[in-house]
Structures are given as structure tokens and as C-alpha cells.
1. I'm checking my understanding of the structure. Among residues of the stretch 57-77 that are open to solvent by 70 Å² or more (accessible area, probe 1.4 Å) and touching a residue at least 40 places away in the same chain (Cβ under 8 Å), which one is nearest to residue 7 (Cα to Cα)?
2. Quick one: residue 285 ticks every box in (1) open to solvent by less than 50 Å² (accessible area, probe 1.4 Å); (2) touching an Asp or Glu at 6+ places or on another chain (Cβ under 6 Å) except a single one, so which number is it?
3. Determine if the stretch 238-259 includes at least one residue that is part of a strand (DSSP E or B), crowded, with 19+ Cβ neighbours inside 10 Å and of a type in the set (Ser, Thr, Tyr).
4. Is there any pair with a first residue in the stretch 16-29 that is under 18 Å from residue 102 (Cβ atoms) and a second that is among the polar types (S, T, N, Q) and open to solvent by less than 20 Å² (accessible area, probe 1.4 Å) whose Cβ atoms are under 8 Å apart and which are 6 or more apart or on different chains, and what are they?
5. For the stretch 1-45, which residues satisfy the criterion of being of a type in the set (Val, Ile, Thr), open to solvent by 30 Å² or more (accessible area, probe 1.4 Å) and over 27 Å from the mean Cα position of the chain (by Cα)?
6. Could you give me the residue pairs with C-beta distances under 8 Å whose first residue belongs to the stretch 264-285 and is within 16 Å of residue 213 (Cβ to Cβ) and part of a loop (DSSP other than H, G, I, E, B), whose second residue is aliphatic (A, V, I, L, M) and modelled with pLDDT of 95 or more wherever it lies, and which are 6+ apart or on separate chains?
7. Are any residues in the stretch 260-271 closer than 14 Å to residue 223 by Cβ and open to solvent by less than 40 Å² (accessible area, probe 1.4 Å), and if so, which ones?
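The values are calculated or read from the model by the stated rules, or taken from the named source; none is laboratory data. All values derive from a computational prediction rather than experimental measurement. Here Cβ is always computed from backbone atoms with ideal geometry, including for glycine, and neighbour counts include all displayed protein chains. These area figures cover heavy atoms from the full protein model, side chains too; ligands, DNA and RNA do not enter into them. Shrake-Rupley method; radii C 1.70, N 1.55, O 1.52, S 1.80 Å.
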Amino acid sequence: MPTQLASRTYTIGSWQANTVDTNGVTWGIIPQGSSHFNGPGVRLNQTPKPYGPGGYRIRSYRDIRVITLQGFAKAPDVLSSLRAQDTLRGLFPAGGQQTFTIADTAGTRSMTVELGDAVKITPAKATPTYFDWQLTLSAVDPRFYDITTQSATTGLPTASGGLDWSTGGGLNWSSGGGLNWGTAGPPGTVIATNTGNAETWPVITFTGPFGNPTVTAGNGLVMTYAGTLASGDTVILNCSPYARSVLLNGVDQRANLIPAMWMSLPASSSLSFTLSATSGSGQMTVTWQNASW
């Protein structure tokens, strides 16, 4: 196990900074040279007016996030230093992505990144066991996500009671008259709250038995899986635009999502999700991670 040196650690795969690793190499971060404290860039959509002051605009968006990590490494001997340099250069497989995690006293957050530029290593001339390094990371999804996943589960709405057929036969019109249509049961609704300052996306799981399970969000969006789930079958709807999928027991069934109104959780807000179906008695589980810039 690496030995932690500071209250904030940085992790990519099995590598950690602000720690002493199992080979005795000290990995440190230089905050002044690192840019992870900054938010992502902004992509403005503005056009100057050709005949008049000012311009026109449509919604702007956050840009791809580029993070620079600058640090140093101090090894117990030259061989360990050379191996540490190899470790740094090999953090990312060719064309691959990794989870980048920051953990401190405020919590643990992560994002998916890839290598954005060449790994830079500068060995110290006077001390061959010491070198400076720089990593450039790029994230197409510029949000940090809480490492903790929130979850809420509900079944189908139920009702109790009904028409009171008295023992003597016929309808019971007593006690003020009128028909007794029963009382409402559990509403089949869950509330998801995103406490972060950035939009996030839920993962919705239907667990059979179900006929045409449907989820309706509080903002009016609807998603229906057009099919029948046997007992124990699961359909997982990943609403993230970076990983959208519809999986029935792990097999792609996106064509069966009709309609496909992908849902999101606004920043610092709550949203309800209501379950319905044409038949069955299954469950719906909504999971999400708070997101922040």
C-alpha cells in the first residue's frame, strides 16, 4: 500500500501522487503548476451583427476539459527512478482512457480522461534519483462525479379497497352515499436529487416481470421499453450522452426504447421518476452521481 503524504491524493489506475509507493518512490504534486483547480473552458456561440452594434447568440457550452498535472518524483536509487519514469510513461494504453480521481477531506471525485499530450520528464542533473514530470489529461465529459452512487427503488403503484359489496348483496350506499373507489397506494415514484453544480444523468434499471415498463420524469419526458421482461430480466437505460445504451440482460436493445426521451438531473435540483407498465409486478431503480465543474 502506498503511504499518503498529503490530505489530497491523485489517482490514475494503480498510480498515485502525493504518496510514497511500494517501491519507495515519493510522488509529489506541485499545485502552482497544475490546472485541475480551474473549471473547463467555455465554447461561445456568438455572431457579430453585420449592420449594428453587438451581436447574436445561442446557448454556450462548456468545452473539453484539459488538465495539467505538474509534479516531482524522488526515488531511493537510480534503478527505481528509471522504473518510475517507465511507470509514468505507461499510465495510458494506446488510445485508451483511465479514471482520474481526486480524494481529499471534502470527498472523492472522478472523471474519465485520456492522455492529452506527451508525458514530460525532466531528470535532475545533480541528483539522478530525482525528476520533474508533467501530465496533460483530456476529458470529453468535463464534469467531476462524486465517487458515491445514489440510489432509489420503487415498485408499481398499487391500490387498496374498492366497491363494497355488502354481505346482503348489492352496493353499500351507506355512510353518506357514493361509490367507494378505494384509496391510493404507494405512488410508484422516486425522487432523485443532484446536489452538484453541474447537470448529471441517471441510470434507470427495470427488473421484471414487466410488460412495456415506462418511466415518466417530472419534467414530462418519457421512456418506454417496448417488450416483456420475464421474472429476473433486467433492462438498463444509461442516459448519459457519453455512454448511452439500452441493455436487456447485457444485450443491446436500443431499438426497443420507444419513445427515447433521454433524461437528465439539473444542477442543484431534484426530479421525480414515476414507474408504470401494462402488466407485471417488477421494480425500477434509479441511480445517479452528483456532478460538478
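1. Restricting to residues being open to solvent by 70 Å² or more (accessible area, probe 1.4 Å) and touching a residue at least 40 places away in the same chain (Cβ under 8 Å), the top hit is 74.
2. Unmet condition: (2).
3. no
4. Pairs that qualify, where the first residue is under 18 Å from residue 102 (Cβ atoms) and the partner is among the polar types (S, T, N, Q) and open to solvent by less than 20 Å² (accessible area, probe 1.4 Å), are 16/9; 17/9; 18/9; 19/9; 27/19.
5. 3, 20, 22, 26, 30
6. Correct list of pairs: 282/229.
7. Scanning the stretch 260-271 gives 263, 264, 271.
Condition check ((1) modelled with pLDDT under 95; (2) of a type in the set (Ser, Thr, Tyr)) across all residues:
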residue: 200; (1), (2): no, yes
residue: 208; (1), (2): no, no
residue: 222; (1), (2): no, no
residue: 244; (1), (2): no, no
residue: 247; (1), (2): no, no
residue: 261; (1), (2): no, no
residue: 280; (1), (2): yes, no
